Amino acid sequence: MSLKSRFCPKCGKETEKLLDSLCSSCYSGKPNVKVPNQKNVLQCVKCDMIYNKGFWTRPKKDIESYLIKRIRESIRLPDGETLIDVKLLELGKDAELLIRSEVGDEKLERIINGKFEIKKYCCPACSREQGIDYTAKLQLRATKDHAKFVEEALSYIREAAPKVSKVEPMLKGVDVYLVNQRLAKQAARRIKKHLEVTMRESYRNYSWDHENDRPKRRITILLKQKLRK
């Protein structure tokens, strides 16, 4: 990386220094930086604890700083380039990330779009304290790309706005425990409409409704990703 010309061969801009034969703007636009397109931090809606390194713990600093740390650890820059700073300009599904770096004494800035979120859940401890029961369980099972399938399915569950008792990781997906059966069925229909899944319902008695003199039932809905041939 050295001075070869006073003009960038790509954009024609006059410059004192060239990086890999390009001006700093054109060099920054090269697809040679590896950045995750999504990262998140789980935070309990009740106690504000976060899920960090496999445990629910009390945050010692701003929640956003945990998210930035996870993003920083996943960034890979070209040889000879040093990371200076990472800043979240906007959070959410359409987030913007500012990456500042340097090559020698040349400072670079890149804007990266991605899905960087602080997601709200109810941690297991708060669920137990509240005595939240469930009347429906959605079993999300993937045949491939497990994480992607689960994330997409969970997004359709959130659209139905149900009260979630807990989300339990399983070998090929997750079990989502819901308080309201009607909203659980609505969420399942959304998933079936937008994702290629098979759906199967089953019921099990768990108590007795003395007022109406009939059993109380829980529904389990299996949503299994179809295996493409």
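Every read-out reported here was derived from the displayed coordinates using simple, explicitly stated rules and does not represent laboratory data. Everything quoted here is computed from the prediction, not taken from an experiment. Cβ atoms come from the backbone with ideal geometry, glycine included; neighbour counts cover every protein chain shown.
Comparing ILE118, THR57, LEU98 along the charge dipole axis of segment 31-120, the residue lying farthest to the positive side is THR57, per the Cβ-charge model. Name the residue from VAL150, ALA184, VAL197 whose Cα lies farthest towards the positive end of the charge dipole of segment 133-229, charges +1 on Cβ of Lys and Arg and -1 on Cβ of Asp and Glu. Among VAL150, ALA184, VAL197, the one farthest towards the positive end of the dipole of segment 133-229 is VAL197.
Of the residues ILE71, ILE63, the one with the fewest other Cβ atoms within 10 Å heads the list, and the complete ranking is ILE63, ILE71. Estimated from the Cβ-Cβ distance and a Förster radius of 41 angstrom, the FRET efficiency linking VAL45 and ARG214 is about 0.75. Here segment 31-120 is treated with +1 on each Lys and Arg Cβ and -1 on each Asp and Glu Cβ, and its dipole about the Cα centre works out to around 700 debye. Mean separation of Cα pairs under 8 Å and 6 or more residues apart, divided by the residue count, gives segment 31-120 a relative contact order of 32 percent.
Each other residue within a Cβ distance under 13 Å of PRO59 adds +1 if Lys or Arg and -1 if Asp or Glu, for a net charge of +2.
Residues ILE118, ILE84, ILE191, ranked from the fewest to the most other C-beta atoms within 10 Å, line up as ILE84, ILE118, ILE191. Full extension of the chain between ASP145 and GLU109 gives 9.7 nm of extra length, using 0.36 nm per residue less the Cα-Cα distance. Normalised by the number of residues in segment 89-204, the average gap of Cα pairs under 8 Å and 6 or more apart makes the relative contact order 21 percent. Subtracting the Cα-Cα distance of ILE84 and ASP175 from their residue separation scaled by 0.36 nm leaves 28.7 nm.
Kindly identify segment 132-225 as rounded, prolate or oblate by the Cα gyration tensor criterion: order the square roots of the eigenvalues as a ≥ b ≥ c, call it rounded if a/c is under 1.5, otherwise compare a/b with b/c, prolate if a/b is larger, else oblate.
prolate
Label separation (GLU168 vs GLU152): 2.6 nm, computed from points 7 Å beyond Cα along the C-beta direction. Approximating the spin labels as points 7 Å out from Cα along Cα→Cβ, the ASP62-to-GLU201 distance works out to 4.7 nm.
Here segment 132-225 is treated with +1 on each Lys and Arg Cβ and -1 on each Asp and Glu Cβ, and its dipole about the Cα centre works out to around 240 debye.
Under the convention that each Lys and Arg Cβ holds +1 and each Asp and Glu Cβ holds -1, the size of the dipole of segment 99-186 around its Cα centre is about 480 debye.
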